[in-house]
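Novice: The structure that follows is given in the form of structure tokens.
Only the coordinates and a few stated rules stand behind these numbers; no lab work does. Quick caveat: nothing in here was measured; it's all calculated off a predicted structure. In this analysis, Cβ positions are derived from the backbone assuming ideal geometry, glycine residues included, and neighbour counts consider all displayed protein chains.
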Amino acid sequence: MLTEHIKEALSQVKELQRMVMERQHFRGYSGWARIVSGTLALIASAIMASRFYPQNTRSHILGWGALFVVALVLNGAALVYWFFHDPKVGRDIARLKPLFDSLPALAVGGALTAAMLMNDTHQYLFGIWMCMFGLSNLGSRYVLPRMIMLVGIFYIVSGIAWLLAPSVDFLNPLPMGIVFFAGEWAGGLILHMDERRYILIERYQDEHERGDTE
């Protein structure tokens, strides 16, 4: 009898821990926004690799800059919508802490990008951007599904390989497009599946609570 009570108590503790971890997860990132961004990265790289696109550094920098702005707007709009429309967030600015935690990696990546452009060493930009995204994903591994860590590792390994590869060419955009397509699709699917699981859990808990009250 005592053993059964201990097992039941341990089970309740584990369930409580699971619920706490679920509530600590950051829900502001949109899986679909990441999937769309990854798809646009592949399309943009294909366009820039075509013979119809000007094959010079300035045009490629503008192309990647335009893609960055579009992806930023997509993901930012999804984040803003979540913040203002999710009743569980309550428009509490403290719920955006995971976003603020990822800003240092992005800021360093931006500074390194500016430094590379000022010194005409743009061939390293792809590697810097991949590593920047990798660090951002790794930094979010405690507030996002654990599998997001693999996405971060993928980006970092790809970035290091690019930085150390001999004779890398900034005017060859396809490797960058393929890496970001794969990384953003993987990250987006992980977030989407986690969101689906979270919705099912919430629905089950609501039904269970209604059953208890009846």
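Novice: Please go through segment 162-194 and pick out each residue that is among the charged types (D, E, K, R) and not in a loop (DSSP other than H, G, I, E, B).
Specialist: Glu184, Asp194
Novice: For segment 123-141, name all the residues that are in a helix (DSSP H, G or I) and small (Gly, Ala, Ser).
Specialist: Once the filter is applied, which keeps residues that are in a helix (DSSP H, G or I) and small (Gly, Ala, Ser), segment 123-141 yields Gly127, Gly134, Ser136, Gly139.
Novice: Could you list, ordered by first residue, the pairs with Cβ atoms under 7 Å in which the first is in segment 35-47 and within 17 Å of Ala186 (Cα to Cα) and the second is part of a helix (DSSP H, G or I) and β-branched (Val, Ile, Thr), at least 6 apart or interchain?
Specialist: Correct list of pairs: Leu40/Val70; Leu42/Ile178.
Novice: Still on this model: Suppose we keep only residues that are touching a residue at least 40 places away in the same chain (Cβ under 8 Å) and surrounded by 15 or more Cβ atoms within 10 Å (Cβ to Cβ) within segment 158-170. Which one would you say is farthest from Gly63 (Cα to Cα)?
Specialist: Val168
Novice: Among the residues of segment 52-80, which ones are over 28 Å from Arg95 (Cβ atoms) and touching a residue at least 40 places away in the same chain (Cβ under 8 Å)?
Specialist: Answer for segment 52-80, where residues must be over 28 Å from Arg95 (Cβ atoms) and touching a residue at least 40 places away in the same chain (Cβ under 8 Å): Gln55, Asn56, Thr57, His60, Ile61, Gly63, Trp64.
Novice: Six or more apart or on different chains, Cβ under 7 Å: which pairs go from a residue in segment 117-135 that's over 12 Å from Met176 (Cα atoms) to one that's surrounded by fewer than 18 Cβ atoms within 10 Å (Cβ to Cβ) and among the acidic types (Asp, Glu)? Could you list them?
Specialist: From segment 117-135, no pairs qualify.
Novice: Among the residues of segment 81-95, which ones are assigned to a helix (DSSP H, G or I) and either free of Cβ contacts under 8 Å to residues at least 40 places away in the same chain or among the aromatic types (Phe, Trp, Tyr) (or both)?
Specialist: Tyr81, Trp82, Phe83, Phe84, His85, Ile93, Ala94
Novice: Out of the residues in segment 117-130 that are among the hydrophobic types (A, V, I, L, M, F, W, C) and surrounded by fewer than 17 Cβ atoms within 10 Å (Cβ to Cβ), which is farthest from Phe83 (Cα to Cα)?
Specialist: Looking at the filtered set, the residue picked out is Met118.
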